[in-house]
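Report on one structure; see the data block that follows.
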Amino acid sequence: MTDQLTVPVGARASAGDTVSHPTPAPAGPRRPSPPPYVVGPGLGERLGRRVMAGKDAGTQVSVTPLTGGVLATVPSSTTDDVRAAYALARAAQPAWAQTPVGERAAILLRLHDLILDHQNELLDLIQLESGKARRHAFDEVLDVAGVCRHYARKANDYLARRRHLGAIPVLSQSVELRHPKGVVGIVAPWNYPLSMSLTDALPALVAGNAVVLRPDEKAVLTALRSIELLDEAGLPPDVLQVVLGDGPHIGAAVLEQADYVMFTGSTPTGRKVATDAAARLVGASLELGGKNAMYVADDANLKKAAECAERAVFSSAGQLCISVERLVLHEAIADEFLTHFLGRVESMKLGPELAWGNDMGSLISPEQLARVQAHVEDARSKGATVLAGGKALPDLGPYFYAPTVLDGVTDQMMCRDGETFGPVVSVYRVSSDQEAVALANDTAYGLNAAVWTRNIPRGRRVAAQIRCGTVNVNEGYAAAWASNGSPMGGMGQSGIGRRHGAEGILKYTESQNVTVQHVTGFGIPKGVPEKAWATAMSGSMRLMKKVGLS
Ligand code: NAD
């Protein structure tokens, strides 16, 4: 199998890239399209060396959804390899945990720069592996840089020992310590190959854990190249182990040996992962699906809301857990908003080029295409109106699907409550904020939501009533997602636990309460009658309440 691929291109590679573009694509038909784009022969072999793969390991091929062509061949780990990865990670972890937090954090600052410096190469790999448009790939570069910076700057504070008021003020001196969990097992999904492979591992590492990571099979090249950069940034050997393989076997093997489980994927798989973790009494963070709503109120800036809706619905062709699949429109502005929105949707530029300028790329796989088609055909057959799109675009690539807007969706249709995870949005009309909140909350999920209004206090009020882990006011998803100091994650069926902020690192630690007792203990002092002691203790409780002690 050769590590070679031909797809249309228009971007340039920079020095040091592992991929090359001979010349920009000439104008003309978009597919089939010259010139050749080459993932250098040997890329798979080089990156594959970072994978834990023993003598019994097999191989897996990495394929691009843009053409269906083979990108590279990489090793495929066995369950024995997963065990070996844990053994090395466990051996390396104590020394890593002894490394000062500042030194651990400095690696993230170096990675921050390396990711930005190598962005062209990473953007190519992300596009090739996921099929998404370059601007959506760039979201991942920004995300990783933002997470690096945040935890590099804040880890020391998050992990610092904290003094608390002791049981007996002054005499009980209580300190909370944070210890790493040990080895964190991470199963990452395919939809954000760079972000999802790195951003959950980084806080785990800075907290002093070792990590065993299983990136998705559709994200291996991006994941392995970014891990090469993490190594270059100074991560010591063995602290981060990588295994490759499918979810049900290798992914499950990673999670079942973990001291803490970090899983991102669908709700059904998440439920199984949580059950297994609960049986072992280890903690788990689950980032799962969503059926996210954007409410456009009657006082919203409709042009800006329409621009935002385009991004929020169609980023990564809707294969984004926090993307908007329900547009909830105040009836007073619904028609005017739709004029703006549909105008934008109809003029979106789609294409497979590894270049800036496209508004949307491809779906990632035949399974994703089939899922999107099933949702749209089901809705159409049950009476929904297709306001835009509603068809595959095979002329652009095997899994391209048109940006699609549905109206008249009812609860008999699959796309009413089920996550489509594709470029499909349904339109609903409401007559009040209250109705909008009820509709937004009428889902088992609770991941992300958006509210558009010129009245910020109104936006905050509505946001606080929506049962979602993140709510954006006057943005669709990016504002809350990229605010790395605030927690992000799902309520309801959208998950357990949070990434980002304090919760995003403290979940990878065990808290410990060390309290030193001075002078007098808790026993009844010798010679003091029990009743007198109880009266004195009650008095001290009342005094503490009076002076405001907690
Ligand atoms: P999926 O649950 O089928 O697979 C997700 C990942 O889990 C894959 O990498 C898969 O290989 C792995 N996996 C499968 N079975 C496993 C098992 N038994 N043990 C361990 N790992 C296993 O989901 P999918 O359809 O591939 O991904 C899309 C879903 O992921 C959507 O529901 C989307 O919303 C969700 N997602 C959520 C977030 C988030 O941050 N909340 C981010 C990305 C994707």
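Laboratory data are not the source of any read-out in this text; all were calculated from the coordinates shown. In this text, all values refer to a predicted model and were calculated from it rather than measured experimentally. Cβ sites come from the backbone with ideal geometry, for glycine too, and all protein chains shown count toward neighbours.
Viscosity 1.567 mPa s, temperature 4 °C: give me the Stokes-Einstein translational D for the chain in µm²/s, with Rh taken as the Kirkwood radius over C-alpha pairs.
In µm²/s, the coefficient is 52.
What's the exposure ranking of Asp433, Asp417, going from fewest to most Cβ atoms within 10 Å?
Asp417, Asp433
How high is the relative contact order of the chain, given as a whole-number percent (alpha carbon pairs under 8 Å, six or more residues apart)?
16 percent
Quick check on the exposure proxy: order Thr222, Thr515 from fewest to most C-beta atoms within 10 angstrom.
Arranged by neighbour count, lowest to highest, Thr222, Thr515 become Thr515, Thr222.
List the chymotrypsin sites (Phe, Trp or Tyr not before Pro) within region 298-389 that fall in a DSSP loop (any state other than H, G, I, E or B) and whose Cβ has at most 14 other Cβ atoms within 10 Å.
Passing sites in region 298-389 are Trp356.
Report, in deg cm²/dmol and to the nearest 500, the calculated mean residue ellipticity at 222 nm for the chain, where each DSSP H run with n ≥ 4 adds -39500 (n - 2.57) and the sum is divided by the residue count.
-12000 deg cm²/dmol
Compute the distance from the alpha-carbon center of region 339-381 to that of region 391-408, in whole Å.
Using only Cα atoms to place each centre, the spacing works out to 4 Å.
What is the distance in Å between the Cα centroid of region 504-550 and that of region 215-272?
Between the Cα centres of region 504-550 and region 215-272 lies a distance of 45 Å.
Inverting the mean 1/r over all pairs of different Cα atoms, compute the Kirkwood radius of region 474-550 and quote it in Å.
17.7 Å
Measuring from label point to label point, each 7 Å out along Cα→Cβ, what is the Glu176 to Thr520 span in nm?
Label at Glu176, label at Thr520, 2.8 nm between them.
Straight-line reach from Lys391: which lysines have a Cα under 28 Å away, not including same-chain ones fewer than 8 places off?
Lys391 reaches Lys132, Lys218, Lys291, Lys303, Lys304, Lys349, Lys382.
Residues with beta-carbon under 13 Å from that of Asp417, excluding Asp417: net charge, scoring Lys, Arg +1 and Asp, Glu -1?
Every neighbour counted, the sum reads -2.
Where does helix 302-314 land angle-wise versus the long Cα axis of the chain, in degrees 0 to 90, nearest 10?
Here the helix axis deviates by roughly 90 degrees.
In degrees, nearest 10, range 0 to 90: what is the angle between the Cα axis of helix 79-98 and the longest Cα principal axis of the chain?
Approximately 50 degrees, to the nearest 10.
If you take every residue apart from Asn472 with its C-beta less than 12 Å away from the C-beta of Asn472, what net charge results, scoring Lys and Arg +1 and Asp and Glu -1?
Overall, the nearby charge balance is +1.
Per 0.36 nm of contour for each residue apart, how much would the distance between Asp411 and His164 grow if the chain were fully extended, relative to their Cα-Cα spacing?
83.8 nm
So what's the net charge close to Gly185: Lys and Arg +1, Asp and Glu -1, counting the other residues with Cβ under 15 Å from its Cβ?
0
Going by a ≥ b ≥ c, the root eigenvalues of the Cα gyration tensor, does region 259-371 fall in the rounded group (a/c under 1.5), the prolate group (a/b larger than b/c) or the oblate group?
Cα axes put region 259-371 in the oblate bin.
Ordered by residue, what ³J(HN,Hα) values in Hz, to whole numbers, does region 163-171 give under the Karplus form 6.51 cos²θ - 1.76 cosθ + 1.60, where θ = phi - 60° and Gly and Pro are x?
Along region 163-171, the couplings run 7, 10, 5, x, 4, 10, x, 6, 7 Hz.
Pick out, in residue order, every one of the trypsin sites (Lys or Arg not before Pro) in region 103-175 that is DSSP loop and has at most 10 other C-beta atoms within 10 Å; say none if there are none.
Counting only loop positions with at most 10 other Cβ atoms within 10 Å, the trypsin sites (Lys or Arg not before Pro) in region 103-175 are Arg161.
Classify region 69-175 as rounded, prolate or oblate, taking a ≥ b ≥ c as the square roots of the eigenvalues of its Cα gyration tensor: rounded when a/c is under 1.5, otherwise prolate if a/b is larger than b/c and oblate if not.
oblate
Tell me the label-point distance for the pair Ala536, Glu232, using the 7 Å Cα-to-Cβ offset, in nm and rounded to one decimal.
Roughly 6.8 nm, to one decimal.
Within 10 Å of each residue's Cβ, count the other Cβ atoms and sort Leu543, Leu71 from fewest upward.
Leu543, Leu71
Using only Cα atoms, tell me the angle between helix 220-232 and the longest principal axis of the chain; keep it within 0 to 90° and round to the nearest 10.
50 degrees
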